[in-house]
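Only one structure is covered here, and it is reproduced in the block below.
The values are calculated or read from the model by the stated rules, or taken from the named source; none is laboratory data. Model, not experiment: these values are computed from the prediction. Here Cβ is always computed from backbone atoms with ideal geometry, including for glycine, and neighbour counts include all displayed protein chains.
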Amino acid sequence: MKLVVAFFRLIRSLNLVFIAFTQLLFLVCVVMPVFRQANMPLLIPVYQFILLTIASLLIAAGGYIINDYFDLNIDRVNKPGKLVVEKVIKRRWAILWHLVLSIAGILISTFVAWKTRVWWLAPANVGCVIALWFYSTTFKRKLLSGNIIISLLTAWTVMVVGFMIHYKVIKSPEVHSLTEASKIMRITFLYAGFAFIISLIREVVKDIEDMAGDERYGCRTMPIVWGVNVSKVFAATWIIVLVAALVIVQAYVLTFAWWWSALYCVVLIIIPLLVILRRLYKAQLSEEFHQVSNHVKFVMLTGIVSMIFFKIYFT
């Protein structure tokens, strides 16, 4: 039982649940209502979307394992009480599980690409596996590059579904209008942009939190190279950009009388972001930055859950 619990900690099971929740919510609350509103077929069977989600989870799980594999020494300093690799699961088993999960994710992606004729899907997910490997071995220790890679991969969680649908629509001769494809792509970029920015903010906050171990083992992350104060300003700037973008989006949706959507966004996304901004300004200790990081995770969740309003208003 201890080994099973350790394995689920190693693959960040809660994060995997969030990835699955995001992709399935996008399918159910955005994609399906848009096609239903237009009286159009979905074009891709639901089981293929589920396989796509499974592939995403396997690749992400493999990425988490390889990250812990290469971060063993750093984690001994930053989170000694949460170590799994070597403490519970041997390194050789960790690398084996990384290979098994990543290859399984690629194979399932290839099957989905073959069934849907979305041929770019398999190489795209191979690219994700490669990006996760080089993030863990090299880019995580570099200024900004690791933060950007993880933020892009977070955005890809939404984009891969939107891109698949858009590709199928424009390649389907029975579809006479591209309105639905355009609508889905706008929503895709809306949530992908949100995911990218909120993930970038959290990655920088985590770098500040983990400075002790990162500095000891030669990492060149933003707080080490530019200092904590500059890193806080960087994260704060992106919070302000995100708040401003959300205000603009809500001003737009209010023209369609989406009152509940706007209220939700203000209460559960914009105000919490302003609270994060204040807490970030005051944070000094590693524990305080950890709390800020948890608050950012809450906003990631509430932001993704807001997809339900597309189902409400498109139905």
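Somewhere in the range 214-235, is a residue among the acidic types (Asp, Glu), in contact (Cβ under 8 Å) with a residue 12 or more places away in the chain and out of contact with any Asp or Glu (no Cβ under 8 Å at 6 or more places or on another chain)? I'd like the intermediate steps shown before the answer.
In the first step, residues of the range 214-235 are kept if they are among the acidic types (Asp, Glu); the result is 214-215.
This time we only want the ones that are in contact (Cβ under 8 Å) with a residue 12 or more places away in the chain, so: 214.
With the extra rule that they be out of contact with any Asp or Glu (no Cβ under 8 Å at 6 or more places or on another chain), the set shrinks to none.
Looking for residues that are among the acidic types (Asp, Glu), in contact (Cβ under 8 Å) with a residue 12 or more places away in the chain and out of contact with any Asp or Glu (no Cβ under 8 Å at 6 or more places or on another chain), one finds none in the range 214-235, hence no.
Condition first: small (Gly, Ala, Ser), in contact (Cβ under 8 Å) with a residue 12 or more places away in the chain and over 30 Å from GLY227 (Cα atoms). Can you find one or more residues in the range 118-138 that meet it?
In the first step, residues of the range 118-138 are kept if they are small (Gly, Ala, Ser); the result is 122, 124, 127, 131, 136.
Filter again for in contact (Cβ under 8 Å) with a residue 12 or more places away in the chain, leaving 122, 124, 131, 136.
When the remaining residues are screened for being over 30 Å from GLY227 (Cα atoms), the result is 122, 124.
Checked the range 118-138: at least one residue is small (Gly, Ala, Ser), in contact (Cβ under 8 Å) with a residue 12 or more places away in the chain and over 30 Å from GLY227 (Cα atoms).
Looking for something closer than 30 Å to THR116 by Cβ and of a type in the set (Phe, Trp, Tyr) - is there at least one such residue anywhere in the range 140-159? Give the derivation first.
To start, the set of residues in the range 140-159 that are closer than 30 Å to THR116 by Cβ comprises 148-159.
Narrowing further to those that are of a type in the set (Phe, Trp, Tyr): 156.
Yes - at least one qualifying residue is present in the range 140-159.
For the range 145-172, what are the residues that are in contact (Cβ under 8 Å) with a residue 60 or more places away in the chain and surrounded by fewer than 19 Cβ atoms within 10 Å (Cβ to Cβ)?
Answer for the range 145-172, where residues must be in contact (Cβ under 8 Å) with a residue 60 or more places away in the chain and surrounded by fewer than 19 Cβ atoms within 10 Å (Cβ to Cβ): LYS168, SER172.
Residues that are surrounded by 15 or more Cβ atoms within 10 Å (Cβ to Cβ) and at pLDDT 90 or above: which helices (runs of 4 or more DSSP H) entirely in the range 30-122 hold 3 or more of them?
Values: elements: 32-37, 46-70, 72-78, 91-116.
Because the criterion is at least 3 residues that are surrounded by 15 or more Cβ atoms within 10 Å (Cβ to Cβ) and at pLDDT 90 or above, the helices (runs of 4 or more DSSP H) in the range 30-122 that meet it are 46-70, 91-116.
Please pick out the residue among VAL253, VAL275, VAL266, VAL292 that is out of contact with any Asp or Glu (no Cβ under 6 Å at 6 or more places or on another chain), modelled with pLDDT under 95, part of a helix (DSSP H, G or I) and surrounded by 12 or more Cβ atoms within 10 Å (Cβ to Cβ). Step through it out loud before you land on a result.
Working: VAL275 fails: modelled with pLDDT under 95; VAL266 fails: modelled with pLDDT under 95; VAL292 fails: modelled with pLDDT under 95.
Exactly one of VAL253, VAL275, VAL266, VAL292 is out of contact with any Asp or Glu (no Cβ under 6 Å at 6 or more places or on another chain), modelled with pLDDT under 95, part of a helix (DSSP H, G or I) and surrounded by 12 or more Cβ atoms within 10 Å (Cβ to Cβ), namely VAL253.
I'd like the full set of residues that are crowded, with 19+ Cβ neighbours inside 10 Å and touching a His at 6+ places or on another chain (Cβ under 9 Å), limited to the range 182-205.
Result: ILE184, THR188, VAL205.
Only one of (1) surrounded by 20 or more Cβ atoms within 10 Å (Cβ to Cβ); (2) among the small types (Gly, Ala, Ser); (3) out of contact with any helix residue (DSSP H, G or I) (no Cβ under 6 Å at 6 or more places or on another chain) fails for ALA235. Which number is that?
Unmet for ALA235, out of (1) surrounded by 20 or more Cβ atoms within 10 Å (Cβ to Cβ); (2) among the small types (Gly, Ala, Ser); (3) out of contact with any helix residue (DSSP H, G or I) (no Cβ under 6 Å at 6 or more places or on another chain): (3).
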